[in-house]
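A.B. asks: Once you've had a glance at the structure underneath, I'll fire off some questions.
The values are calculated or read from the model by the stated rules, or taken from the named source; none is laboratory data. Quick caveat: nothing in here was measured; it's all calculated off a predicted structure. Note that we place each Cβ from the backbone using ideal geometry, even for glycine, and neighbour counts take in every protein chain shown. Accessible surface is based on the protein model in full, side chains and every heavy atom, while ligands, DNA and RNA are left aside. Shrake-Rupley method; radii C 1.70, N 1.55, O 1.52, S 1.80 Å.
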Amino acid sequence: MNKRIVIKIGSNVLTRDDGTLDVTRMSALSDQIAVLYKEGYRLVIVSSGAVASGRSELKIDHKLDSVSSRQLFSAVGQVKLINRYWELFREHGIACGQVLTTKESFGSRAHYLNQQHCMEIMLENGVIPIVNENDTISVTELMFTDNDELSGLIAAMMNADKLIILSNINGIYDGDPSDPDSRVIERIDGKEVDVTRYVSAKRSSFGRGGMHTKCRIARKVADEGIEVIIANGKRDDILLRICHSEESALCTRFIPSTKPVSSIKKWIANSDGFAKGIVRINRGAAEALTGTHAASILPVGVTSVEGEFEKDDIVRIVDHEGRQIGVGCISCGSTRARSLIGARNEKPLIHYDYLYLE
């Protein structure tokens, strides 16, 4: 089979009401993952729960600020969390390994490929990667929005067939989930269904994100050709129901785009947060980019270059109306790029192969 699935297990799935780790739920999910593993799926787990694990071990009698408490609890909890996964998977004769990452590690192409290679080697040798943000050093501006964002990056990096985001809710509802008349939207295809009016921006109890973040990430990942499922991780056998295509698997599925996206474009698409500069283009260049034929960004269509960057850095592309329409990997540094503004008969500043349009 060799289908690749990234499974994101959220804080509200693994955490009890008192904020401690729910080992029973963790065991149930590990049992399901073991079944899928033995059926031939290649699985990557993006797991929250380190902070909850640490909180249950330490009794602090003085107040800590949010950054300090997160660093302390995650440092202690990550050891406990990965050890628990190790023990649970060992019962099934399966090895797992820890991969800790930071947002900065996705900004450099070299670091990105190193992470990818590490997990490729693990999968090739039957080891399940368990990925989490390194909360001990990721603080404030260096943090992912939450593990939803991380799972989307991992799914694109590993060319996954499917991304399953497990939360404590059945999916995206067509109204307030607490309203008995509300129903789960079972299928979202491209931009045909506008779910923004249904989704609250409120964050989850123990995680940093919410359903609004999940929708945004799901749409982006689906546009890259990967099916995304949002489901309730506390429902019995939910992973097996999803992967075995059972009708009882109540969830929301984001249908993937059929347009192929190269691995380099997937990296560029997810590198917006690491952009070092801005390339502004005129109306003609913008129309060429959004036309039916593939087009690169030529110096003749550039009106200004902002920021300081080097060759192969990521830059944002902004049109004549000030709207960001994409990101790309630029072919020269900022000094050279400025000298080429408006020039004709020059090579592309950003080649189509290294350009992602939103």
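A.B. asks: Which whole-number percent is the relative contact order of segment 215-358 (Cα, under 8 Å, 6+ apart)?
C.D. replies: Normalised by residue count, the contact order of segment 215-358 is 22 percent.
A.B. asks: Another question, if that's okay. Loop-only check: which trypsin sites (Lys or Arg not before Pro) in segment 1-90 are DSSP coil with at most 15 other Cβ within 10 angstrom?
C.D. replies: K3, R16, K59, K63
A.B. asks: With all protein chains present, calculate the accessible area of E310 using a 1.4 Å probe and round the result to the nearest 10 Å².
C.D. replies: The accessible area of E310 comes to roughly 130 Å².
A.B. asks: Highest GNM mean-square fluctuation, the chain, Cα pairs closer than 10 Å: which of E133, E224, E39?
C.D. replies: Among E133, E224, E39, the largest mean-square fluctuation in the Gaussian network model of the chain belongs to E39.
A.B. asks: May I ask you to give the percent of accessible area on the chain that is carbon plus sulfur, with a probe radius of 1.4 Å?
C.D. replies: 48 percent
A.B. asks: Let me ask something else about it. Can you flag which of K103/K311; K59/K214; K63/K276 are past 31 Å Cα-Cα?
C.D. replies: From K103/K311; K59/K214; K63/K276, over 31 Å: K59/K214; K63/K276.
A.B. asks: May I ask you to compute the full-extension gain from V79 to R336, defined as 0.36 nm times their residue separation minus their alpha-carbon distance, rounded to one decimal in nm?
C.D. replies: Using 0.36 nm per residue and subtracting the Cα-Cα distance, I get 87.7 nm.
A.B. asks: Work out how much length N125 to K59 would gain on full extension: take 0.36 nm times their residue separation and subtract the Cα-Cα distance, in nm to one decimal.
C.D. replies: Residue separation times 0.36 nm, minus the Cα-Cα distance, leaves 19.8 nm.
A.B. asks: Mind checking which of I137, I238, I60 has the largest fluctuation in a GNM of the chain, springs on alpha carbons under 10 Å?
C.D. replies: I60
A.B. asks: Segment 274-330: which trypsin sites (Lys or Arg not before Pro) are DSSP loop and have at most 11 other beta-carbon atoms within 10 angstrom?
C.D. replies: Within segment 274-330, the qualifying trypsin sites (Lys or Arg not before Pro) (loop, at most 11 other Cβ atoms within 10 Å) are R323.
A.B. asks: Right, here's the next one. To the nearest µm²/s, what D does Stokes-Einstein give for segment 69-138 at 10 °C and 1.306 mPa s, using the Kirkwood radius over alpha carbon pairs as Rh?
C.D. replies: Taking Rh from Cα pairs, D becomes 121 µm²/s.
A.B. asks: Select from G40, G97, G273 the residue whose mean-square fluctuation is largest in a Gaussian network model of the chain (Cα-Cα springs shorter than 10 Å).
C.D. replies: G40
A.B. asks: Compute the semi-axes of the equivalent ellipsoid of segment 26-146, taking the square root of 5 times each eigenvalue of the Cα gyration tensor, and list them largest first in whole Å.
C.D. replies: 27, 21, 9
A.B. asks: Could I ask something else about it? How much of the calculated P(r) for the chain lies past 38 Å, in percent of all Cα pairs?
C.D. replies: Within the chain, distances greater than 38 Å cover 22 percent of Cα pairs.
A.B. asks: Of the DSSP beta bridges with both residues in segment 24-165, give the percent that are antiparallel, rounding to the nearest 5.
C.D. replies: Here the share of antiparallel DSSP bridges comes out near 0 percent.
A.B. asks: Excluding residues fewer than 8 places away in the same chain, name every one of the aspartates and glutamates whose C-alpha is closer than 17 Å to that of K220.
C.D. replies: K220 reaches D146, D148, E149, D161, D189, E192, D194, D272, E358.
A.B. asks: H320: accessible area at probe 1.4 Å, nearest 10 Å²?
C.D. replies: 70 Å²
A.B. asks: Can you grab the distance from the C-alpha centre of segment 6-68 to the C-alpha centre of segment 323-358, Å, no decimals?
C.D. replies: Between the Cα centres of segment 6-68 and segment 323-358 lies a distance of 43 Å.
A.B. asks: Restricting to Cα pairs below 8 Å that are 6+ residues apart, what does the relative contact order work out to for the chain? Please round to a whole percent.
C.D. replies: It rounds to 15 percent for the chain.
A.B. asks: Here's another thing I want to ask about it. Quickly estimate the mean residue ellipticity at 222 nm for the chain, helices only: each DSSP H run with n ≥ 4 gives -39500 (n - 2.57), and the total goes over all residues, rounded to 500.
C.D. replies: -10000 deg cm²/dmol
A.B. asks: Suppose we take every Cα in segment 308-353 and form the convex hull; what volume per residue is that in Å³?
C.D. replies: 86 Å³
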